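Read through the structure below, which is laid out as structure tokens, and then see the notes.
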Amino acid sequence: MPAPECRHLSKDGACAASTGAGIAICSSSLSRPETFGEYLGQGMTVDEAVRVANQTAKGVKSCRAILHLARAHRVEMPITEVVTAVIDETATVKDAAAALMSRSPKPELCNA
């Protein structure tokens, strides 16, 4: 049985599997998002990071569409918002981290 906050995603525990995959992607030094993010953190521009990474980090191309969809459905997605701002070069990585860390704590559950 999936966790209560995941019940709207799956009846067979797929949310837990997705969470595990997400943790692996975000913490592996071999993952494309991790490598791409490190390049940005080192001060490279998005174009430089894309060139040096020489592979696709899917979020670079999908973040705007995801944010658009979230806004259309009135879903708050602060991480996607700051990722999009960094990709669009309207915020620095430092700005993004500060924006996320300054948010007030609150439950992140869906009651659907």
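The values are calculated or read from the model by the stated rules, or taken from the named source; none is laboratory data. Please read all numbers here as calculations on a predicted model, not as lab measurements. Counting neighbours? That spans all protein chains shown, and the Cβs are built from the backbone with ideal geometry, glycine included. Areas reflect the complete protein model, heavy atoms only, side chains present, ligands, DNA and RNA absent. Shrake-Rupley method; radii C 1.70, N 1.55, O 1.52, S 1.80 Å.
Odds and ends about this structure:
- Residue in the range 77-89 that is exposed (fewer than 10 other Cβ atoms within 10 Å of the Cβ) and at pLDDT 90 or above present: no
- Just one of the listed residues (ILE79, ILE66) is touching a Ser or Thr at 6+ places or on another chain (Cβ under 6 Å) and assigned to a helix (DSSP H, G or I), namely ILE66.
- The residues of the range 41-63 that are open to solvent by less than 100 Å² (accessible area, probe 1.4 Å), at negative phi and not in a helix (DSSP H, G or I), listed by number, are MET44, THR45, GLN55, THR56, ALA57.
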